[in-house]
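> Have a look at this one.
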Ligand code: A3D
């Protein structure tokens, strides 16, 4: 029995896809295929070659290739989807629904045919609706399909707390629930800094300001860029999820997962704490929420439901 490298298919080789390819190479997660539309096949081939040529300094071994042919993703262990249009200044994530739904339809059909066993991580916005669409269109089981949003929203929450308090981000632990939009729900009550409850070292005003900045973090970056959205932090967040699956790390990561009764939600993908193992999404953890937290959760559920219904799937 020989050792076989894992295979990672990145569908979409734009801003996030290219950074993901670099991180996955450096982490030696496996061989990487970057797939994009035919008109963008040469650029993704070029990016793949550039990464192969970085390997001697990056100290990794991986085969990295670019393509526009789904046949080349055959048998992938992990599929990460970033295919789709990103936001421009002044746009909401929902403004992308029609154009990105067409793209996800195309992607779902290719992945279903060539990588039917892959653990699939979706990033395309509007996230909660696009991961739902991918799940419906492929017919894959729930443990095989998750959306990347909570991992990033939680990273932003932790980063802002560390920046505000002047402490190491490594010591900030917490989570963010709900949809990937301005009504997501950071949970200050359950956030700790080196084991100390956040509320004991930050004022209510500080906490409110940090929660608001987290909810608007994507928009803050879109405004600075003018065109396009964040890509370094989304890429690394998705890589963390893929790594937990590929190495059976059993990380608990906030992911957009299909709730089947958890938190009183049925049939929607929404950000909840998930155990990611070699089985994929192994378990959703339910947190006992206060009345106030629950009211916030109900609001984000309503937004996710509305956008999800617009997919008509
Ligand atoms: P961008 O740099 O435009 O890359 C998207 C790539 O997808 C381009 O190379 C396109 O050619 C390619 N593409 C388009 N249609 C197809 C198709 N049918 N098949 C294969 N590839 C295709 O965008 P980006 O990388 O900055 O962002 C990608 C997506 O992620 C967008 O929808 C963003 O809104 C979304 N995003 C999500 C988050 C979350 O936290 C959920 C964060 C940031 C961006």
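The values are calculated or read from the model by the stated rules, or taken from the named source; none is laboratory data. Note that the coordinates shown come from a computational prediction; the quantities given were computed from them, not determined experimentally. For neighbour counting, all protein chains shown are included, and Cβ atoms are generated from backbone atoms with ideal geometry for every residue, glycine included.
> Is it the case that residue 33 is in the same structural domain as residue 120 (by TED's automatic domain parsing), closer than 13 Å to residue 73 by Cβ and in a helix (DSSP H, G or I)?
Answer is no for this residue.
> Spot the failing condition for residue 38; the list is (1) within 22 Å of the chain's Cα centre (by Cα); (2) over 17 Å from residue 121 (Cβ atoms); (3) near the ligand (Cβ under 10 Å from one of its atoms), and only one is missed.
Condition not satisfied by residue 38: (1).
> Return yes or no: is residue 211 more than 15 Å from the ligand (Cβ to nearest atom), farther than 24 Å from residue 10 by Cα and in contact with a helix residue (DSSP H, G or I) (Cβ under 9 Å, 6 or more places away or on another chain)?
Spelling it out, residue 211 is indeed more than 15 Å from the ligand (Cβ to nearest atom), farther than 24 Å from residue 10 by Cα and in contact with a helix residue (DSSP H, G or I) (Cβ under 9 Å, 6 or more places away or on another chain).
> Being over 22 Å from residue 139 (Cα atoms), surrounded by fewer than 14 Cβ atoms within 10 Å (Cβ to Cβ) and touching a helix residue (DSSP H, G or I) at 6+ places or on another chain (Cβ under 8 Å) is the requirement here; does residue 61 meet it?
Spelling it out, residue 61 is indeed over 22 Å from residue 139 (Cα atoms), surrounded by fewer than 14 Cβ atoms within 10 Å (Cβ to Cβ) and touching a helix residue (DSSP H, G or I) at 6+ places or on another chain (Cβ under 8 Å).
> Report every pair of residues separated by at least 6 positions or lying on different chains whose Cβ atoms are under 9 Å apart, first residue within the range 236-260 and at pLDDT below 95, second part of a helix (DSSP H, G or I).
Within 9 Å, no pair qualifies.
Every residue, every condition in (1) surrounded by fewer than 21 Cβ atoms within 10 Å (Cβ to Cβ); (2) modelled with pLDDT under 95; (3) closer than 19 Å to residue 135 by Cβ; (4) touching a strand residue (DSSP E or B) at 6+ places or on another chain (Cβ under 6 Å), yes or no:
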residue: 274; (1), (2), (3), (4): no, no, yes, yes
residue: 279; (1), (2), (3), (4): yes, no, yes, no
residue: 286; (1), (2), (3), (4): yes, no, no, no
residue: 291; (1), (2), (3), (4): yes, no, no, no
residue: 294; (1), (2), (3), (4): yes, no, no, no
residue: 298; (1), (2), (3), (4): yes, no, no, no
residue: 309; (1), (2), (3), (4): yes, no, yes, no
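> Quick check on the range 68-94: of everything there that is within 10 Å of the ligand (Cβ to nearest atom) and in a helix (DSSP H, G or I), which residue is nearest to residue 16 (Cα to Cα)?
93
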